[in-house]
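Colleague: One structure, as structure tokens, below. Some questions next.
The values are calculated or read from the model by the stated rules, or taken from the named source; none is laboratory data. Since we're looking at a predicted model, the values are computed, not measured. Cβ placement follows ideal geometry from the backbone for every residue including glycine, while neighbour counts extend to all protein chains displayed. Note: areas computed on protein heavy atoms with side chains; ligands, DNA, RNA excluded. Shrake-Rupley method; radii C 1.70, N 1.55, O 1.52, S 1.80 Å.
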Amino acid sequence: GSAALARHVLPAMPVSRGRPIFKRRGLLAPRPTLLPFAYRSFSKVSDAISARTQAAKEELAILAQAFQRYDGDGSGALDAQELQKALQDLDLPAGDVEVSELFSKLDVNKDGTVELTEWLDNMPAGTKLRVLQKADEAGRTIRFEIPDVKIMYTHTDEAPMLATYSLLPVLRAYCRFAGVKIMKKDISLSARILANFPDYVTPAQRVEDDLTELGSLAKHPAANIIKLPNISASVPQLLSAIKELQAKGFSVPDFPADPQSEQETEIRGRYAKVLGSAVNPVLREGNSDRRVARPVKEYAMKHPHRNHEWTAESKSCVASMEEGDFFASEQSCIMEEVSSVRIELVSTGKTTVLKAKTPLLSGEVIDGSVMRVAKLREFYEKEMNSTEPGTLFSLHLKATMMKVSDPVLFGHCVEVFYKDAFEKHAALFQELGVNPNNGVGDVYVKIKGHPKEAEVEKDLMACYEKRPPLAYVDSRRGITNLHVPSDVIVDASMAAAVRDAGRMWTKEDTLCDAKFVIPDRCYSGIYDVVIKDCQANGKLDAAKIGATSNVGLMAAKAEEYGSHDKTFVVPEDGKVQVVQRDGGKVLMSHEVSKGDVWRMCQTKDGPIQDWVKLAVVRARATDTPAIFWLSEERAHDRSMISKVNTYLKRHDTEGLDIRILSPEEAMKFTLERARKGLDTITVTGNVLRDYLTDLFPILELGTSAKMLSVVPLLAGGGMFETGAGGSAPKHVQQFMQEGHLRWDSLGEFMAMTVSLEDVALKTNNPDAKVMADTLSTAVGQVLDGGKSPQRKVMQLDNRGSHFYLALFWAEALAKQSSSAMLQERFKPVATQLRSSEAKILGELIAAEGKPQDIGGYYFPDPFLTSQAMRPSPTFNSIIDAVLAASDF
């Protein structure tokens, strides 16, 4: 494709085997003896050729990124429907005739699809020009002025879902006066299940596949998505959601843990689209810019939360494998041209294709690695036996996001810890279908009511006498961190442990030093550095530490978080190979044993370029050091370092402090600056983005939900995430028991502010800008006035904070002078809210202190939930009247 593109751009250069030849007055002649002037002339020609070559490469990159954007299903080829969407996006004629004609020109090999090479080599000049016009000099699609941009507000799960019932009516009512429409899109776990099984439910029960719709929108410049935290479902969570839906009359099928038929295999394949982090890879079509807003940081420093004091006697530590992990075995290569590969297992006498085709773009980085389970089990046994007295054994993985590999790693730990019970009852557990990957809790579920229930439970309890004490998730209910794989998620759990002075909870519900077991070394070293730093220097003081922001590479399912469809539990001994389909060249190869976990990751070149550019932009905008967290000791990182060094040269970095450090050295650098009150930009891959945007916000702010996360989508749209704090199931438990929701919607407030700014820019809507500016003022008043949710019942909760946001926002709109219409509209609203303040607060408090029935957990009743989250008739009447007056 590159060569073909060059043929279209560069004039043909004659070549001779002998002396160089050149063109003079239309004739070819031997090159004369070169004089100084001729040297200079040749240098100019050479420079011109270099410049044209570079321009051709940049043009190629833009066209390739456009292809990737329009390839909606990621198949590596465009069909007619995708080509039609491309023409529509380019504002070109997109009728059936035009699509058919263009498709015929592009599909040279007549296989019914348009592959990247065909797209690059055969695109008509006018279409190519239109693509290039929509991009800036660095290959990033520019923002377009679009007449009708709607804000897509996601309906998710647990605490954010509850808060949506209270907050969204306010946002809709206010924003309609500015001509801004807010659409609710349901991407909750229950909605994702129902959307994947329309043929199993009645027509009245069917739901739209909002996630797929948003995924398509994310590849269009009109995208404006507010993404709230959602459940990344583990198998136990999925089973609970299925059970609840079935109890409500939805005939969705059972989840087949061990498919025995073609139908069960097909059902499990559908559920695979729901498991784990099914949402983020679909929506994150851009890289991440996550930081704390200045007013939020200033408030946190004035009113610091509590980070626990560390002691010199702390025995907490991090334990990781020394051999046999993904880090040790990783291989990496950079694709020189567009191609595709297959993944195969070569064993005695046969070759099994594990994945037939994975399309790859030019410049794409691919990595392969294997976790050797024999070494993993040896590691677990060693660490259990060597855990010091007075120290908890605490396993930390990410079984939600890494939904194929990490449940397996978790299951091996369960089997090793409860080895005696699993060996004694092996036949019974097999008969019952016990799956250790679902945690020891699966044993209790499957054995319930069985004649041997008491015996099995006794044998499980006996294991605790031989093993080190475990960290507990819920001491009152006896839930350890080996009960359910989704209960202890490394990014959130390690951040909380550092906040709590390197401690986890005991069986007695007290904090205790812990051995943090993180098997793979790729990222575990950062936590080792943090713990040792705190042991040496004490806690990080939230009143003094600087702000640590993140620029994260996450577009196009980058790195490990896109590896699910290329991760395999090896079925038999042999060799796993990654082979180019055209030519048969073996790119990577690993000797493997049965049960090993092998995976391949991809990182596309376009997102890498965008990531580097975003880092430079943020460093320039803030005059803050930007540190790339990459290690020469890791194969993948070596590939990335070569690209970072190349792409940094394309930007003006004069006067900027941009460095490449190993994750461990980068962590030391960042902590040193933080303790001095200095800010740092961490520039990381996808996994470290996740880890650091929990760790530092929890230490600085007490929660990661208060972070501002802007995702500039590669297609020109925007996604605005409301924090990295998860969906807070404990907040839901408190609400159900006491009627008090302590979820803080600050993340939603800030996301709405930047979302409105984006709408104002794209639609040239000055009223939307006024709404954004006044909302920002109101958010500041909520913080400064102490109107955020409190932790205890009978105090201000989430609903009360929404009232104060509405009050302060209306008052700010009534005071501003940029829009006379908005000022006039909101004067009576502000007056009524202010005069009704005491009455509304009384109605909100009166709803607390009693259990709440919302008709379900994963699929609550909308009517009951709305009543529970909107308990103030006075507040409701004002907001509903505002909505009615806006002609909604």
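Colleague: Looking at (1) touching a residue at least 60 places away in the same chain (Cβ under 8 Å); (2) open to solvent by less than 70 Å² (accessible area, probe 1.4 Å); (3) within 15 Å of A191 (Cα to Cα), which one does K248 not meet, given that it meets all the others?
Modeller: All conditions are met except number (2).
Colleague: Could you tell me how many of the residues in region 603-624 are in a strand (DSSP E or B) and either touching a Pro at 6+ places or on another chain (Cβ under 6 Å) or at pLDDT 95 or above (or both)?
Modeller: Residues that pass the stated criteria total 0.
Colleague: Now for a different question. Any chance you could count how many residues in region 271-313 are part of a loop (DSSP other than H, G, I, E, B), open to solvent by less than 20 Å² (accessible area, probe 1.4 Å) and modelled with pLDDT of 90 or more?
Modeller: Total satisfying the criteria: 2.
Colleague: Anything in region 350-368 that is touching a strand residue (DSSP E or B) at 6+ places or on another chain (Cβ under 8 Å), of a type in the set (D, E, K, R) and part of a strand (DSSP E or B)? List them, or say none.
Modeller: K355, K357, D367
Colleague: Just checking, which of Q237, Q205 is of a type in the set (S, T, N, Q) and more than 27 Å from S704 (Cα to Cα)?
Modeller: Answer to the check: Q205.
Colleague: Which of the residues spanning region 568-585 are closer than 27 Å to N686 by Cα and either small (G, A, S) or open to solvent by 10 Å² or more (accessible area, probe 1.4 Å) (or both)? Give the derivation first.
Modeller: Start the filter on region 568-585 by keeping residues that are closer than 27 Å to N686 by Cα, which leaves 568-570, 576-580.
Residues satisfying the conditions are F568, V569, Q577, Q580.
Colleague: Also, I was wondering about something else. For a quick check of your reading of the model, give me the residue pairs whose first member lies in region 340-353 and is of a type in the set (G, A, S), whose second is modelled with pLDDT of 95 or more and surrounded by 16 or more Cβ atoms within 10 Å (Cβ to Cβ), with beta-carbon atoms closer than 6 Å and at least 6 apart or on different chains.
Modeller: S347/G574
Colleague: I would also like to ask the following. Looking only at region 531-553, count every residue that is in contact with a Cys (Cβ under 9 Å, 6 or more places away or on another chain) and either among the hydrophobic types (A, V, I, L, M, F, W, C) or more than 18 Å from E664 (Cα to Cα) (or both) and tell me the total.
Modeller: Counting residues in region 531-553 that are in contact with a Cys (Cβ under 9 Å, 6 or more places away or on another chain) and either among the hydrophobic types (A, V, I, L, M, F, W, C) or more than 18 Å from E664 (Cα to Cα) (or both) gives 2.
Colleague: Can you confirm whether V644 is farther than 17 Å from I526 by Cα, open to solvent by less than 30 Å² (accessible area, probe 1.4 Å), touching a helix residue (DSSP H, G or I) at 6+ places or on another chain (Cβ under 7 Å) and not in a loop (DSSP other than H, G, I, E, B)?
Modeller: Spelling it out, V644 is indeed farther than 17 Å from I526 by Cα, open to solvent by less than 30 Å² (accessible area, probe 1.4 Å), touching a helix residue (DSSP H, G or I) at 6+ places or on another chain (Cβ under 7 Å) and not in a loop (DSSP other than H, G, I, E, B).
Colleague: Of the residues V687, V683, which is farther than 30 Å from V586 by Cα, open to solvent by less than 10 Å² (accessible area, probe 1.4 Å), within 20 Å of the chain's Cα centre (by Cα) and among the aliphatic types (A, V, I, L, M)?
Modeller: Exactly one of V687, V683 is farther than 30 Å from V586 by Cα, open to solvent by less than 10 Å² (accessible area, probe 1.4 Å), within 20 Å of the chain's Cα centre (by Cα) and among the aliphatic types (A, V, I, L, M), namely V683.
Colleague: Assess whether A191 counts as being buried (at least 17 other Cβ atoms within 10 Å of the Cβ), closer than 24 Å to D254 by Cβ and modelled with pLDDT of 90 or more.
Modeller: Values: buried (at least 17 other Cβ atoms within 10 Å of the Cβ): yes; closer than 24 Å to D254 by Cβ: yes; modelled with pLDDT of 90 or more: yes.
So A191 fits the description; yes.
Colleague: Can you pull out the residues in region 808-866 that are of a type in the set (A, V, I, L, M, F, W, C) and open to solvent by 70 Å² or more (accessible area, probe 1.4 Å)?
Modeller: Scanning region 808-866 gives A820, M821, A838, F863.
Colleague: Checking H412 against (1) closer than 22 Å to L239 by Cα; (2) open to solvent by 20 Å² or more (accessible area, probe 1.4 Å); (3) at pLDDT 95 or above; (4) out of contact with any Lys or Arg (no Cβ under 9 Å at 6 or more places or on another chain), only one condition comes out false. Which one?
Modeller: Every listed condition holds for H412 apart from (4).
Colleague: Give all pairs with beta carbons closer than 7 Å in which a residue from region 431-450 that is over 16 Å from L470 (Cβ atoms) meets a residue that is small (G, A, S) and open to solvent by 50 Å² or more (accessible area, probe 1.4 Å); count only pairs at least 6 apart in sequence or on separate chains.
Modeller: Listed by first residue and then by second, the contacts come to G433/A257; N435/A257.
Colleague: Here is a further query. Name the single residue that is farthest from E848 (Cα to Cα) among those in region 869-888 being open to solvent by less than 20 Å² (accessible area, probe 1.4 Å) and not in a helix (DSSP H, G or I).
Modeller: Step by step, filter region 869-888, then rank; the result is S886.
Colleague: In addition: Looking at (1) within 21 Å of S339 (Cβ to Cβ); (2) modelled with pLDDT of 80 or more; (3) open to solvent by 60 Å² or more (accessible area, probe 1.4 Å), find the lone condition where D111 falls short.
Modeller: Every listed condition holds for D111 apart from (2).
Colleague: Does A514 fit the bill of being part of a strand (DSSP E or B), touching a Lys or Arg at 6+ places or on another chain (Cβ under 7 Å) and farther than 30 Å from V338 by Cβ?
Modeller: Yes, satisfied.
Colleague: Quick check, is F720 within 30 Å of A163 (Cα to Cα) and outside any helix (DSSP H, G or I)? Let's see the steps before the verdict.
Modeller: Details: within 30 Å of A163 (Cα to Cα): yes; outside any helix (DSSP H, G or I): yes.
Considered against the rule, which asks whether it is within 30 Å of A163 (Cα to Cα) and outside any helix (DSSP H, G or I), F720 comes out as yes.
Colleague: Something else: Step by step: first the residues of region 734-769, then only those that are within 23 Å of L713 (Cβ to Cβ) and among the hydroxyl-bearing types (S, T, Y), then the one that is surrounded by the most Cβ atoms within 10 Å (Cβ to Cβ). Which residue is that?
Modeller: S755
Colleague: Continuing with this model, one more query. Under 6 Å by Cβ, and 6 or more places apart or on different chains, what pairs join a residue from region 496-513 that is at negative phi and open to solvent by 30 Å² or more (accessible area, probe 1.4 Å) with one that is part of a helix (DSSP H, G or I) and among the polar types (S, T, N, Q)?
Modeller: W505/S475; K507/S475
Colleague: Return the only residue of G538, G562, G525, G546 being among the small types (G, A, S) and touching a Phe, Trp or Tyr at 6+ places or on another chain (Cβ under 7 Å).
Modeller: Numbers: G562 fails: touching a Phe, Trp or Tyr at 6+ places or on another chain (Cβ under 7 Å); G525 fails: touching a Phe, Trp or Tyr at 6+ places or on another chain (Cβ under 7 Å); G546 fails: touching a Phe, Trp or Tyr at 6+ places or on another chain (Cβ under 7 Å).
Unique residue meeting the criteria: G538.
Colleague: Could you tell me whether A806 is at pLDDT below 95 and not basic (K, R)?
Modeller: For A806, the condition - at pLDDT below 95 and not basic (K, R) - is not met.
Colleague: Going by what's in this entry, would R689 be described as part of a helix (DSSP H, G or I), basic (K, R) and farther than 28 Å from S277 by Cα?
Modeller: Working: part of a helix (DSSP H, G or I): yes; basic (K, R): yes; farther than 28 Å from S277 by Cα: no.
So R689 fails the test.
Colleague: What is the number of the single condition among (1) in contact with a Ser or Thr (Cβ under 8 Å, 6 or more places away or on another chain); (2) open to solvent by 20 Å² or more (accessible area, probe 1.4 Å); (3) farther than 29 Å from N876 by Cβ that R176 does not meet?
Modeller: Here R176 meets the rest and fails (3).
Colleague: Need at least 3 residues that are touching a Pro at 6+ places or on another chain (Cβ under 9 Å) and closer than 30 Å to L805 by Cβ per element, so show me which helices (runs of 4 or more DSSP H) inside region 151-234 make the cut, counting only ones lying wholly within it.
Modeller: Hits in region 151-234: 158-176.
Colleague: Follow-up. Assess whether L239 counts as being open to solvent by 10 Å² or more (accessible area, probe 1.4 Å) and more than 30 Å from V754 (Cβ to Cβ).
Modeller: yes
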